[in-house]
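Here's the structure, in structure tokens; my notes come after.
Throughout, read-outs are computed from the coordinates displayed, never taken from laboratory work. These numbers come from a predicted model, not from an experiment. Because the Cβ atoms are built from the backbone with ideal geometry, glycine has one as well, and the counts that use them run over all protein chains shown.
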Amino acid sequence: MADLSRLHKSGADWGLEILIPDWTVARRAAWRYVPVMIPNLLPADTRQYVLLFSSEDRKGIVAAVANSLASQDCNIVENAQYGDASTGRFFMRVKFTAPAGLTPEMFSEHFAPVATAWRLDWTLHDVSVKARAIIMVSKGGHCLNDLLYRTQTGRLPMDVTSVVSNHQTWQRRVEHEGIPFHHLPITPENKLEQEAALLALIEEQQVDLIILARYMQVLSDATCRRLDGRVINIHHSFLPGFKGANPYHRAYDRGVKMVGATAHYVTPDLDEGPIIAQDVSIVDHADSVEDLIAQGQDTESRVLARAIKAHLEHRVLLNGNRAIVFR
């Protein structure tokens, strides 16, 4: 016999069809499915937000925040928190649904007294709004291609407004995707001028995030400070041991047993910003230099994508020079 029930979808509603005998067809019962509709339990007119905050660690903070959300008819769907005993700071991420009529401005006005009373450093993010990102790249395209694929397939909730490079290596690849490509070659003489052009692009395109996808130029201290918390970089795991050119060749000569990558926020201190994500890949004596490079590039792509996803989903809070990354 067929299954006694099966799922059925009509419009926005899911329902159940059950198998019953139909005596009108013949003397012996024929069987047919009859729909029993079940209304959609998730209202279609809700909005989702993420509330991020940090504060001095005090009793009652979670209750105060939860009560404020409940008073605005909001429902918490995800919650993560962390208290740092060494600094006395408290960190929290709350994802919640809100009635369609509750705008970010209305929520903020109602929540502000609670934030003031508990001295919260807080931000509110509308989940439906995608971040606008610029990707910067030099000649190595493994991270760029990975990010373009993940963005196109919806795995990274962002809109790539343009790609900026000091070389033209990836211009055709980028323009094939319908993304504007800006060639800003760098020399010691024009570095400040080109950074001014970059900042103008960021302002013009209303960019939220700048991704250094193996961009092999160092941003000036002034630019790093201006874009604080908005620039994510990726580098291999051989720092500080193998700085400069050909790090994989020197690592191979040294006989390293793992390759890895670090993704971090950019600060004026070169490659010393708060770490968002890291990973490693195991190698052994049988691996060639090319094997190390291939594994390293795969790891770099994976780690950078993980860091960007955490940033886009508003899972990162800064704790001095450390990053709190909620899963």
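Quick check on the stretch 46-126: take the gyration tensor over C-alpha atoms, sort the square-rooted eigenvalues as a ≥ b ≥ c, and tell me if it's rounded (a/c under 1.5), prolate or oblate.
Working: a/c = 2.14, a/b = 1.75, b/c = 1.23.
Cα axes put the stretch 46-126 in the prolate bin.
Each of HIS285, ALA213, ILE179 was scored by the projection of its Cα onto the charge dipole of the stretch 152-288, and the greatest displacement toward the positive side belongs to HIS285; charges sit on the C-beta of Lys, Arg, Asp and Glu. Between the stretch 134-166 and the stretch 178-208, the C-alpha centres lie 16 angstrom from each other. Charges were assigned to the Cβ only: +1 to each Lys and Arg, -1 to each Asp and Glu. The resulting dipole of the stretch 260-316 about its Cα centre is roughly 420 debye. Between the stretch 83-117 and the stretch 255-303, the alpha-carbon centres lie 36 Å apart. Short to long, the 5 Å bins of the Cα pair-distance histogram for the stretch 119-227 hold 2, 11, 21, 24, 19, 12, 6, 3, 1, 0, 0 percent of all pairs. Pairs exceeding a 27 Å alpha-carbon distance, out of LYS130/LYS191; LYS139/LYS191; LYS191/LYS257: LYS130/LYS191; LYS191/LYS257. Protection proxy ranking, highest mean first, for peptides 143-155, 223-235, 51-63: 223-235, 143-155, 51-63, where packing is the per-residue count of other beta-carbon atoms within 10 Å, averaged. In this structure, the amide hydrogen of ILE324, modeled 1.01 Å from its nitrogen in the peptide plane, lies closer than 5 angstrom to those of LEU317, LEU318, ASN319, counting only residues at least 5 positions away or on a different chain. Counting other Cβ atoms within 10 Å, which GluC sites (Glu not before Pro) in the stretch 183-282 have at most 14 and lie in a DSSP loop? Loop-located and lightly packed - GLU189, GLU272.
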